[in-house]
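Shown next, in structure tokens, is the structure this report addresses.
Values quoted throughout were computed directly from the atomic coordinates according to the rules given, and no laboratory measurement underlies them. On a predicted model such as this, the values are computed, not experimentally measured, just so you know. Please note: Cβ atoms are built from the backbone with ideal geometry, for glycine as well, and neighbour counts cover all protein chains shown.
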Amino acid sequence: MTTNHDVVVTGLGATTPLGGDVATTWDALLAGRSGVSTNNMDWVERFDLPVRIAAQLAVDPTEVLPRVEARRLDRSEQVAMIAAREAWKDAGHSDDTVDKDRLAVIVGTGIGGAMTLLNQDDLLEEHGLRKVSPLTVPMLMPNGPAAHVGLEFKARAGVHAPVSACASGAEALAWAWRMIRTGEADVVVAGGAEACICAIPVAGFSQARTMSTRNDEPEKASRPFDTGRDGFVLGEGAGIMVLERADFAAARGAKVYGRLAGIGTSSDGYHITAPDPEGTGQARAISAALRTAGLDPSDVGHVNCHATSTPVGDVAETVAIRKAIGDHPVLNAPKGALGHLLGAAGAVEGIVTLLSIRDGVIPQTLNLDNLDPAVELDVVAGEPRKVKLEAAVNDAFGFGGHNVALAFTPA
Amino acid sequence: MSNEDIQKGLAEIVEEVAGVAADDVTVEKSFVDDLDIDSLSMVEIAVQAEDKFGVKIPDDELANLKTVGDAVTYIASKA
């Protein structure tokens, strides 16, 4: 049954290691291409970092944005703007299609403007105060991507920036759902943005032993659910959706990709970085997403997994899926191809989930050669699988024990 | 350095920082009202002008430089 407060998705935008837009990224996923390559930045050599690979953007933002706009934005803000403009245009919105008092923007990030912080600190150390940019704070603040996108579309119903590490992008979509369901906004531009492939995050993640060091085979390094996985590959990018109240979208004749039918958020209360091996927190998020969507576990044909290619995390997630949904859903893990986009991951993978429903095809999990026997679930590998889906769930989890699950259904 | 040279140098800075075409940076233009330059960009422009022309532009002086002409006159008087 459709109600007026159902939440539909009318526009998609992304810039990822696989492509500068949604269509290119989706085609590359289905074609089994990898976005991971050798990281040739000078600091890798200088600090002799153990990780020499990364999932860098396929299209550099400075090739897309006007020069002056690019220099005023941190890279995380640049990717947010690019993806947001694509989504806005894709949704068929213009300056007068929605009352700005009814338009909100929610863009999350995990790290925010780390590159700006490091660059400006270098300038301060080398040249003193005069050379520090007056734009430093608006460039490094984690609400920067949201704030700039909000200004772009003159949103006045609220601009928010959830920060929940690698769940941030999915949490933004969850907040968007809530704002529409509670009547706070008619249209919400929401998603995640991340661009922090720089020395400190790589050094820090390396010291935490969370990243793959398969440096000699970059395109094979990210391998969720595979027995040979040894950590995630750091990526960068952004994913943005335009979400609308169903009757609002219908009234303006918008095309609809599908519905964000329900959302679930929870926290583990377990450990700052390790997932609860019993998957109870994650399972509660998934169950809440199904409950708010009015779905039965048997309706869910597919889970787009968070699985980052770490030894512990991937298996914990499958425990949660079995608990909350059962053994029947078909899984995949886009990070095999995309790498881990941290705060953008949930939003980009939400887009992938929605396109899987629309096109009836689940992209393969890249590099899944030998399924970890502990997984005990059906994971798409080798080639895309054609499946008609009535409902699919997208998981996103973050350091801190943040869990988000999104339930999508067809248009 | 002639006023014309200062204006030309200033116009290059304004173009670099704010994306305003150098040809539009003429003496009668107001930085804020005509060239749409915000207070953050004005700080960047002032720092670059200090380096380029070897002058000091203290904050209380910067606040008085409303037009391109004001800035040219100030820099010429200090250079």
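Shape verdict for chain B, please, from the Cα gyration tensor: rounded (a/c under 1.5), prolate (a/b greater than b/c) or oblate. Don't jump to the answer; show the numbers that get you there.
On the way: a/c = 1.38, a/b = 1.15, b/c = 1.20.
Note, shape of chain B comes out rounded.
Where both partners of a DSSP beta bridge lie in the protein assembly as shown, what percent of those bridges are antiparallel, to the nearest 5? Numbers along the way, then the final one.
Values: 41 of 61 bridges.
In the protein assembly as shown, approximately 65 percent of DSSP beta bridges are antiparallel ones.
What does the helix-only formula give at 222 nm for the protein assembly as shown: each DSSP H stretch with n ≥ 4 adding -39500 (n - 2.57), the total divided by the residues, and the result rounded to the nearest 500 deg cm²/dmol? All intermediate terms of the calculation are to be shown ahead of the outcome.
Numbers: 19 runs with 192 residues, N = 490.
It lands at -11500 deg cm²/dmol.
How high is the relative contact order of chain A? Use alpha-carbon pairs under 8 Å, at least six apart in sequence, and give a whole percent. Can you show the working numbers first?
Numbers: 1165 pairs, mean separation 94.7, N = 411.
Computed over chain A, the figure is 23 percent.
Considering the options A:Pro277, A:Ala58, A:Trp177, tell which one lies farthest towards the positive end of the dipole of the protein assembly as shown, charges being +1 on Lys and Arg and -1 on Asp and Glu at the Cβ, about the Cα centre.
A:Pro277
Need the C-alpha centroid separation for the range A:241-315 versus the range B:1-33, integer Å.
Result: 53 Å between the Cα centres.
If one computes the Cα centroid of the range A:51-73 and of the range A:1-40, what distance in Å separates the two points?
If we compute the Cα centre of each part, the gap is 17 Å.
Compute, for the range A:264-409, the length of the dipole vector about the Cα centre, with Cβ point charges of +1 (Lys, Arg) and -1 (Asp, Glu) only. Units Debye, rounded to 20.
360
How far apart, in nanometres, would the label points at A:Asp95 and B:Asp33 be if each is projected 7 angstrom from Cα along the Cα-to-Cβ direction?
The two pseudo-label positions are separated by 2.3 nm.
Among A:Gly253, A:Thr213, A:Thr227, which residue has its Cα positioned farthest towards the positive end of the charge dipole of chain A, with +1 placed on the Cβ of Lys and Arg, -1 on the Cβ of Asp and Glu, and the dipole taken about the Cα centre?
Checked the options; the winner is A:Gly253.
Normalised by the residues of chain B, what does the relative contact order come to in percent, with Cα pairs under 8 Å and at least six apart?
On the way: 81 pairs, mean separation 30.8, N = 79.
Dividing the mean separation by the residue count of chain B yields 39 percent.
Can you give the charge dipole size of chain A about its Cα centre, rounded to the nearest 20 debye, using +1 on the beta carbon of Lys and Arg and -1 on the beta carbon of Asp and Glu? Working shown, then result.
Working: 35 positive and 51 negative charges, 139 e Å.
I would put it at about 660 debye.
Holding the Cα-Cα limit at 28 Å, pick out from B:Lys8/B:Lys56; A:Lys89/B:Lys29; A:Lys154/A:Lys335; A:Lys154/A:Lys255 the pairs that are longer than that. Before the final figure, lay out the partial values.
Details: B:Lys8/B:Lys56 19 Å; A:Lys89/B:Lys29 35 Å; A:Lys154/A:Lys335 33 Å; A:Lys154/A:Lys255 23 Å.
In this structure, A:Lys89/B:Lys29; A:Lys154/A:Lys335 exceed 28 Å between Cα atoms.
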